[in-house]
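Shown next, in structure tokens, is the structure this report addresses.
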Amino acid sequence: METHGWWQTAKVYELYVDRFAHNFAGLTERLEYFNFLGINALHVLPFYPSPMVDDGYDVSDRRDVRPGLGTLNAFDTFIAEAHARGLKVLIDLVVNHVSVKHHWFVEACASKKNAYRDFFLWSETGDAFKEADNPFIDFKPSNWGWNPATHDYYYATFYPEQADLNWDNPDVLTAMLEEADFWGERGVDGFRIDSASRLIKREGTSSIGLPETHVILKKIRAYVDKTYG
């Protein structure tokens with residue numbers, strides 16, 4: 001098979017920073033271990049600030065490092081040292097949802113007139129998208145959570161503490177590409193897109209793998225390719 005990029009033949013080691021090495025400083029000290037194993041790419045699972053309801057996938061700040069794991073400077077040092085040893089670094093770009101503690105959602109919950117309101121999916125009744133997949137059916141009756149401040153429901157595919165973004169709003173794509181730039185400019189080599197199949201929700205469907213979702217993924221990929229090669 002003809003190859004066009006390092007990712008097509010990469011030997012990837014996936015890890016949580018704290019479970020592997022306590023923090024980014026510890027991970028940096030252990031980088032030669034991956035050379036010994038013949039690994040040439042690391043997939044670092046979510047390390048962002050988070051209430052940790054879902055192992056860090058409930059992100060509350062998309063542009064920082066979780067307390068206890070280090071600082072952005074420690075992350076930058078890790079990237080530089082990884083690259084010096086021939087290691088590529090991939091991180092999770094969590095695009096389907098944010099933590100209910102994220103400032104976008106906190107502001108959206110406060111008022112129906114807030115600028116971030118249309119970043120999320122709302123319902124007066126909580127009856128929409130009845131045929132959408134509920135991955136946690138064992139402990140939540142539906143994908144709708146109640147917002148007492150505005151007396152309506154917000155959509156959350158996974159835990160109720162993870163509010164889904166409204167990808168029909170083009171501002172969400174713009175904001176997400178800005179997040180990709182923040183980390184791309186710090187030297188990250190690639191992104192694993194979390195919950196990639198679930199971005200668009202449509203009535204009468206499972207809301208998984210819809211054509212409109214593929215369009216969004218192609219836009220993200222095209223932007224990253226054009227910007228970072």
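The values are calculated or read from the model by the stated rules, or taken from the named source; none is laboratory data. None of the values given here were measured: they were computed from a predicted structure. In this analysis, Cβ positions are derived from the backbone assuming ideal geometry, glycine residues included, and neighbour counts consider all displayed protein chains. We work out accessible area using only protein heavy atoms, side chains counted, and drop any ligands, DNA or RNA first. Shrake-Rupley method; radii C 1.70, N 1.55, O 1.52, S 1.80 Å.
Observations on the structure shown:
- Treating each Cα of the range 124-210 as one equal point scatterer and applying the Debye formula with no solvent, the log10 of I(q)/I(0) at q = 0.14, 0.22 Å⁻¹ comes out as -0.60, -1.15.
- Kirkwood hydrodynamic radius (C-alpha pairs) into Stokes-Einstein, the range 1-56, 25 °C and 0.890 mPa s, D in µm²/s: 190
- The P(r) of the range 49-179 has a tail past 17 Å containing 63 percent of all C-alpha pairs.
- When the alpha carbon gyration tensor of the range 1-96 is reduced to an equivalent ellipsoid, the three semi-axes, largest first, read 23, 17, 11 Å.
- Among the trypsin sites (Lys or Arg not before Pro) within the range 43-119, those in coil by DSSP and having at most 15 neighbouring Cβ atoms inside 10 Å are Arg63, Arg85, Lys112, Lys113.
- For the chain, leaving out every one of the GluC sites (Glu not before Pro) that falls in a DSSP loop and has at most 14 other Cβ atoms within 10 Å, the longest unbroken run is 3-123.
- Accessible surface of Ile193, taken over heavy atoms with a 1.4 Å probe and every protein chain present, rounds to 40 Å².
- Entries of Lys88/Lys219; Lys140/Lys218; Lys201/Lys226 with Cα pairs more than 26 Å apart: Lys140/Lys218; Lys201/Lys226
- Carbon/sulfur fraction of accessible area - the range 98-212, other protein chains in place, 1.4 Å, %: 53
- Candidates Thr125, Thr157, Thr71, ranked by Gaussian network fluctuation over the chain, Cα under 10 Å, top entry: Thr125
- The alpha carbon convex hull volume per residue for the chain rounds to 143 Å³.
- Mean accessible surface per residue for the range 41-91, computed with a 1.4 Å probe while every protein chain stays in place, in Å²: 35
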